[in-house]
Amino acid sequence: MQRFKCLFAARRSLQCNTHFRTFSALPNYATPNKLEDDVLVEGKAFSRASILNRPDYLNALTTPMLGRLNRLYESWEENPDIGFVLMKNNGRAFSSGSDVVTLYNNLSNGNVEDCKVFFQTLYKFVYLLGTYFKPHVAILNGLTFGAGAGISFPGMFRVVTDKTVFATPEAQIGFHPDAGASYYLSRLPGYLGEYLALTGEKLNGVEMIACGLATHYSLKERLPMIDERLSKLMTDDTSVIENSLAQYGDLVYLDETSILNKLKSIDKCFGQDTVEEILDALEKESADSYSEWSTTALKKLKEASPLSLKVTLQSIREGRYQPLDQCLAREYRMSCNWISKQVSNDFSEGVRARLVDKDFAPKWDPPTLEDVTKDMVGCYFSPLPEVEPELKLNTAVREPSL
């Protein structure tokens, strides 16, 4: 019981900033109609809401969508007539993450620069939200995968429902958990972050509350009441916003089958130094206890890209000691190295196998963990060539203390 008291007490640990500021300038963020359709805007007396509106594609994120979010959020932050900001979704998914099929098509056509622009735009928005000067409420109703978590978790309040499902399945498609994942996963209790990153396992809304990924839980049916309550607020006082969210919240209890009841075993297995040692520990756990969770974890690891597993483990371990801006800068470097295909084509191969051809038989290269060398892994963390600019974030303005 004491373990879960600690988990609930840590639920605010992901918040990056708690100070607020207002400005008077209001830039023009007008965009073409199609783009406006993919990210809708809802205006209330003292708040604004962005609504992800690409439901046929599970609100998968594109460069134009992220560019619009950047412009909207910058203008709302500067507008003194706006006290707080919300993010919501239409459809059954909050966001399935990056539109990796579009990235795959761009890479297939040689449009590497378009992919770089996507990652730049994505990571800049994650940083903007992580250092936002105004209270932010993300209503995570439905699938919240990968970059969908990245564009919402750094904000102050994260409301989940009985329909919320979270996962970072990037290693299963030959990539790495990005958009700030190495920051927020590494700060979860024990080695839960390594477990989620390497296996791509899902958490429900109750589990997200318990481990600190979410701040409030509500049944989906109560969301209209929350929406109505927030629309009437005329304040930027975080305590008032929090009380309004809590007013329609529900008590949560972990199911006895929840993976969070296995944290001691997860720590024992995923706290190992290497992926090979993690696999050995899982094999022993499975043989000794006949536990379903360890058997499932083994299966997921063996299906994932061996290169992705080793790169992902190092990324989470480094993220544990880095602030958000450094995590994003490193993840951008890693993503650029993935799409350059200098070491491996696993990203394109993984997307092809799981989302394009759907034969679910990716041919990973290198094919085994033994074939993945330290030099290969190191390439993803190396500085970009001089002709290739690193990710530039506006830390001097947004975090002057740094």
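The values are calculated or read from the model by the stated rules, or taken from the named source; none is laboratory data. Given the structure is predicted, the values throughout are model-derived calculations rather than measurements. Glycine gets a Cβ as well: all are built from the backbone with ideal geometry, and neighbour counts include every protein chain shown. Protein only, heavy atoms only, side chains kept; ligands, DNA and RNA dropped before computing areas. Shrake-Rupley method; radii C 1.70, N 1.55, O 1.52, S 1.80 Å.
Table: residues versus (1) part of a helix (DSSP H, G or I); (2) within 24 Å of the chain's Cα centre (by Cα); (3) over 18 Å from P169 (Cα atoms).
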{"site": "D280", "(1), (2), (3)": "yes, no, yes"}
{"site": "K302", "(1), (2), (3)": "yes, yes, no"}
{"site": "L307", "(1), (2), (3)": "yes, yes, no"}
{"site": "E318", "(1), (2), (3)": "yes, yes, yes"}
{"site": "Y321", "(1), (2), (3)": "no, yes, yes"}
{"site": "M334", "(1), (2), (3)": "yes, yes, no"}
{"site": "S348", "(1), (2), (3)": "yes, yes, no"}
{"site": "V351", "(1), (2), (3)": "yes, yes, no"}
{"site": "A361", "(1), (2), (3)": "no, no, no"}
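A single entry from Y132, Y127 fulfils the requirement of being within 16 Å of K392 (Cα to Cα) and open to solvent by less than 30 Å² (accessible area, probe 1.4 Å): Y127. The one condition from (1) more than 22 Å from N394 (Cα to Cα); (2) assigned to a strand (DSSP E or B) that D37 does not meet is (2). Residue count for region 206-229, restricted to those that are more than 18 Å from L196 (Cβ to Cβ), assigned to a helix (DSSP H, G or I) and open to solvent by 20 Å² or more (accessible area, probe 1.4 Å): 9.
Can you run down the residue pairs with Cβ atoms below 7 Å, 6 or more apart or on separate chains, where the first is in region 105-127 and of a type in the set (D, E) and the partner is open to solvent by 40 Å² or more (accessible area, probe 1.4 Å)? Note: no pairs meet the criteria.
Residues of region 45-54 that are touching a strand residue (DSSP E or B) at 6+ places or on another chain (Cβ under 9 Å) and not in a strand (DSSP E or B): F46, N53, R54.
Just to be sure before I move on: is Y195 assigned to a helix (DSSP H, G or I), open to solvent by less than 20 Å² (accessible area, probe 1.4 Å), touching a Gly at 6+ places or on another chain (Cβ under 9 Å) and not small (G, A, S) in the structure I sent? Spelling it out, it is not the case that Y195 is assigned to a helix (DSSP H, G or I), open to solvent by less than 20 Å² (accessible area, probe 1.4 Å), touching a Gly at 6+ places or on another chain (Cβ under 9 Å) and not small (G, A, S). With the structure loaded, tell me whether K299 is of a type in the set (K, R), open to solvent by 70 Å² or more (accessible area, probe 1.4 Å) and farther than 30 Å from E221 by Cα or whether it fails that test. For K299, the condition - of a type in the set (K, R), open to solvent by 70 Å² or more (accessible area, probe 1.4 Å) and farther than 30 Å from E221 by Cα - is met. Each residue in region 147-183 was checked for being without any contact (Cβ under 8 Å) to a residue 60 or more places away in the chain, open to solvent by 10 Å² or more (accessible area, probe 1.4 Å) and more than 11 Å from the chain's Cα centre (by Cα), and 2 of them qualify.
Scanning region 43-52 for residues that are open to solvent by 40 Å² or more (accessible area, probe 1.4 Å) and in contact (Cβ under 8 Å) with a residue 12 or more places away in the chain yields K44, A45, F46, R48.
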